[in-house]
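Below is one structure, written out as structure tokens; comments come after it.
The values are calculated or read from the model by the stated rules, or taken from the named source; none is laboratory data. In this text the structure is predicted, and so the values were computed from the model without any measurement. Please note: Cβ atoms are built from the backbone with ideal geometry, for glycine as well, and neighbour counts cover all protein chains shown. Ligands, DNA and RNA are excluded from the accessible area calculation, which covers all protein heavy atoms including side chains. Shrake-Rupley method; radii C 1.70, N 1.55, O 1.52, S 1.80 Å.
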Amino acid sequence: MIRAGLVGLSLFASAAQAADCRLALLLALDVSSSVDAAEDRLQRGGLVAALTAPEVSAAFFALEQPVALAVYEWSGRYNQEVLLDWTLIKTPEHLLFAAETIAASRRSHNDFPTAMGYALGYGAGMLQKGPHCLYKTLDMAGDGQNNEGFGPRSAYAEFPFEGVTVNGLVINGADYEAETGLIAFYKSQVLHGPGAFIEIAQGFEDYERAMRRKLERELTPPVIGLGAENPRTRPKG
């Protein structure tokens, strides 16, 4: 098993060398009207703290091939704004630049509904315009279900999502029924592609921990040939 893992990692490294980067990671933040100003600060600050956490930084630089990172926020049908355009994270200074850019960002909208299908379509366009990477991952973070326009399934049918994995970060509210409904919605409607998973934040106060855990999982290099033990899909304890 160890020998197979080493061979798989070598194959992965060879394939990554043929691309500009090993992973294009696109993060989408929910700024719909259900997210108040204090919650948005927790979300934005939590992402900055997660990106600069030692374990996440180590995962970014686990291999020589860089990760391409971009971030946008979304709410209504036509309300998406780029916070960080595509940036190759080649050094710790690049990662610090990305975190500082997000820290300095200001919320673009606060009074629009949750148009997740449109947000996914916007993300698909960003991924197409991004660098050529071995893998592509889009993260949808949100505290509510789609309530305007077409939903995620329609987005996956109409926009270019071939080869894209869509993960989710569910931000649970205080109401139990809403929590369970949101988790089920993400599992049945939002997750897309091989190895897709959700992380759950128990309120916006827990956003940083959930984002840190999710990023570490996504950035861990895959080892080809390990099947169910692939670290990109294996939950950590």
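Quick rundown of the values:
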quantity: Sorted peptide list for 109-121, 141-153, 21-33, criterion being average Cβ within 10 angstrom, highest first; calculated: 21-33, 109-121, 141-153
quantity: Whichever aspartates and glutamates have a C-alpha closer than 15 Å to that of K90, once near sequence neighbours (fewer than 8 apart) are set aside; calculated: D20, E64
quantity: Low-density loop cleavage sites - trypsin sites (Lys or Arg not before Pro) in region 81-117, where at most 13 other Cβ are within 10 Å (DSSP); calculated: R106
quantity: Per residue Cα convex hull volume in Å³ - calculated over region 106-188; calculated: 117 Å³
quantity: For region 53-166: rounded, prolate or oblate by the Cα gyration tensor [a/c cutoff 1.5]; calculated: oblate
quantity: Within the accessible area of region 48-171 (1.4 Å probe), percent carbon and sulfur; calculated: 50 percent
